[in-house]
1. Report for the chain the percent antiparallel among DSSP-assigned beta bridges with both residues inside it, nearest 5.
2. Report the relative contact order of the range 69-301, percent, no decimals, based on alpha-carbon pairs under 8 angstrom and at least 6 residues apart.
3. State, to one decimal in nm, how far the label point of Leu197 lies from the label point of Leu48, with both points 7 Å from Cα in the Cβ direction.
4. Relative contact order of the range 226-269, please, whole-number percent, based on alpha carbon pairs below 8 angstrom and at least 6 residues apart.
5. With bins 10 Å wide starting at 0, give me the P(r) of the range 69-301 over every alpha carbon pair, in whole percents.
6. Are any of the pairs Lys255/Lys297; Lys170/Lys277; Lys255/Lys318; Lys297/Lys318; Lys167/Lys208; Lys167/Lys277 more than 25 Å apart by Cα-Cα distance, and if so, which?
7. Would you please give the residues with an amide H less than 5 Å from that of Val193, counting only those at least 5 places away or on a separate chain, with H modeled from the backbone geometry?
8. Give me the distance in nm between label points sitting 7 Å out from Cα along the Cα-to-Cβ direction at Thr342 and Asp121, one decimal.
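Laboratory data are not the source of any read-out in this text; all were calculated from the coordinates shown. What you are looking at is a predicted structure, and each value in this text was computed from that prediction instead of being measured. We place every Cβ from the backbone using ideal geometry, glycine too, and count neighbours over all the protein chains shown.
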Amino acid sequence: MNADFHPSQRAQWARGQPISRLMARALEDPELISLAAGFVDNQTLPVLPVRQAMEQLWTDPRAARAALQYGTTVGYPPLREIVRERSRQVDGPEHTVPLERVVITAGSNQLLHLVTESLVDPGDVVLCAAPTYFVYLGMLSGLGARAVGVASDAEGMIPEALEEQLKYLKSTDQLARVKAIYLVPYFDNPAGVTMPLERRAAVVELAKRWSHFTRIQVIADEAYRELRYQGQDVPGTQVCDVEGDTVVVAGTFSKSFSPGIRVGWGVLPPDLVAPVKDQKGNVDFGSPNFNQHLMAKVLEMGLFETHLESLRAGYQAKLASLLSAAAEHLSRLDGVTWLRPTGGLYVWVCLPPETATGPDGRLFSQAIREGVLYVPGEYCFPVESRETGQNTLRLSFGVQSCERIALGVEKLAQAMRGVMG
Ligand SMILES: Cc1ncc(COP(=O)(O)O)c(C=O)c1O
């Protein structure tokens, strides 16, 4: 007997995510200016601070041995304490959470996965801004969940549109399937928009008010909070949740320090702590302990803040380079508009409605011929969404130098001219 291989239903649901194809395309041709991958700047990765922290770690054999041992499922307590203290510092002592609610994960992506897995069964609904972080959309489809889009504008998800959607789901007997609302409230991926505090509060209030059958959680993915280049920080989404039962915060040191260390965290409502811990126990019973000790040392030695300062200055220059190239080259094209973020790693571009940006369209292949790669905006729209974003695209400015960013935008404008006539 030699039967065919049959992957699980979940493996089939997880198939065909666009990110790997885009990355492979960029790697195939090193000449191509990739404004697609959302990687952080290779030149600013913190080699020296990590070496200093490692040296410190090795000077104490007992501490070094502890770092090389298994840790606990929810994470290294001193690191959890630092995460809690940092959030207390930025959001005020009145929003301090008990340590039990802080969990360390292998990047924030793992936190998003564990939380979502703890909330949804196949067929359940997560409401997401249209557009949103496409890896999360892939995660939802891998879990057999439905991503339902909510219209958003230059300040993120629109609360009125969210309420409309909730009303519609109730009127069609689907409200009981709604388990979460997913937000990227700071400099979001892909559109670079930040939600003002009032909007976050309105979304949290709606989640609470519409929790008729089951509590609807608000998952606030705050991956880019630290990457602000202008203006004042907005208080964290958790400050809108006085009861502390609705908002899940996902944070990460990937963007602000090093994605290779892969340390992220979550601040969870009390009811979610045990389910997430149980799921994590099944996956890895603790994120890499060594990385957590290292990250804690970096933070304790004050190396993180210094690094962040220089990182911000570097990204600010790159963003300026992208925006000035856009003003020079894209502004000459009729109907092409773009958002001007004050942080993060992305700039969102809209083309005239009839210009398709998708992987099978003329612009995508023309852009590659010109030597530039972007992320088609349609990847970022939930499957069940009124808008499809087929005339939008995302540009990332993290990886390329200022000069190559400017050149990439010039090439993109050239490609647009070619297809738009
Ligand atoms: C919005 C958003 N959330 C989460 C992540 C995951 O980051 P990590 O798992 O490295 O913490 C990313 C990475 O690009 C992101 O853009």
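1. 50 percent
2. Relative contact order, the range 69-301: 28 percent.
3. 3.7 nm
4. Values: 41 pairs, mean separation 15.0, N = 44.
Relative contact order of the range 226-269: 34 percent.
5. Over the range 69-301, the share of Cα pairs per 10 Å bin runs 8, 35, 38, 16, 3, 0 percent.
6. Values: Lys255/Lys297 18 Å; Lys170/Lys277 32 Å; Lys255/Lys318 15 Å; Lys297/Lys318 30 Å; Lys167/Lys208 14 Å; Lys167/Lys277 33 Å.
Those over the limit are Lys170/Lys277; Lys297/Lys318; Lys167/Lys277.
7. For Val193, whose amide H was placed from the backbone, the distant partners under 5 Å are Asp188.
8. Computed distance between label sites Thr342 and Asp121 equals 4.5 nm.
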